[in-house]
Amino acid sequence: MDVVLPCLDEAEALPWVLARIPAGWRALVVDNGSTDGSAGIARALGATVVHEPRRGFGAACHAGLTAATADIVCFCDCDASLDPALLVPFVRQVLDGEADLVLGRRRARGRGAWPAHARAGNFALARLLRRRTGLRLHDLGPLRAARREQLLGLGLSDRRSGYPLQMVVRAADAGWRIAEHDVPYRPRTGSSKVTGTWRGTWQAVRDMSRVLAEPPAEGRAVR
């Protein structure tokens, strides 16, 4: 399995995250312009480093997806807020044919793990997603697993904060079976580049609102 880890200045968190990659899996650390030596640390710890100069969470994620070669590709944040070992049952569910896309529903563990403004933005988007697709999901978190070729077939185009949501929306439009599982969410290491402030959170909400406004497209990837 390949695990895509979008990375922007995560030198402090990388040792913890990479130590928890399941045995036999490959870590793809996508360096998105780090200036703290993240790429060198990741490489020294055995990860494959992909460089994506275009800034944006979606740009980093998609660069990792493109560089991946495994049948099933996983995604995880690189800030030590989520344990990549939690992806093992996600992958098993995809392999067993029980789901096409498996998502982690974050459950805060520890003070400051999930600031109020970030939870509020996530709640609002989950309600909009339900209205748009009918999916009764609770979270749009970054921990997820699906088959690589199917993901590429979705034609994902967002390269900012809307990428995770666009993946879910287009998967729903294509009739994918989408599952959600609770996962512990720890206080991140370092400051968030997206949801660390109200301004960042609502910029992400605006990015995702544009995704929700997209009309369903016929002919996108199916199971």
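Under the condition of being of a type in the set (Phe, Trp, Tyr) and closer than 19 Å to Gly97 by Cα, the residues counted in the range 133-177 number 1. Where helices (runs of 4 or more DSSP H) fall entirely within the range 118-223, those with at least 2 residues that are at pLDDT 85 or above and over 16 Å from the mean Cα position of the chain (by Cα) are at 148-153, 163-173.
Quick grid of which residues meet (1) in contact (Cβ under 8 Å) with a residue 60 or more places away in the chain; (2) within 29 Å of Trp176 (Cβ to Cβ):
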| site | (1), (2) |
| --- | --- |
| Asp2 | yes, yes |
| Ala11 | no, no |
| Ala19 | no, no |
| Gly24 | no, yes |
| Ala39 | no, no |
| Leu45 | no, no |
| His62 | yes, yes |
| Pro84 | yes, yes |
| Asp96 | no, yes |
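Please find, within the range 12-33, the residue that is nearest to Thr189 (Cα to Cα) out of those that are in contact with a strand residue (DSSP E or B) (Cβ under 7 Å, 6 or more places away or on another chain) and surrounded by fewer than 21 Cβ atoms within 10 Å (Cβ to Cβ). Going through the qualifying residues, I end up with Leu18. Among the candidates Asp96, Asp100, Asp71, Asp79, single out the residue that is farther than 19 Å from Leu151 by Cβ and of a type outside the set (Lys, Arg). Going through Asp96, Asp100, Asp71, Asp79 in turn, just one is farther than 19 Å from Leu151 by Cβ and of a type outside the set (Lys, Arg): Asp79.
One residue stands out among those in the range 38-56 that are closer than 24 Å to Ser161 by Cα and out of contact with any strand residue (DSSP E or B) (no Cβ under 6 Å at 6 or more places or on another chain): the one that is surrounded by the most Cβ atoms within 10 Å (Cβ to Cβ), which is Gly56. What do you reckon, is Cys61 under 13 Å from Arg20 (Cβ atoms), buried (at least 24 other Cβ atoms within 10 Å of the Cβ) and within 14 Å of the chain's Cα centre (by Cα)? No, not satisfied.
The values are calculated or read from the model by the stated rules, or taken from the named source; none is laboratory data. Quick caveat: nothing in here was measured; it's all calculated off a predicted structure. Backbone-built Cβ (ideal geometry, glycine too); neighbour counts: all protein chains shown.
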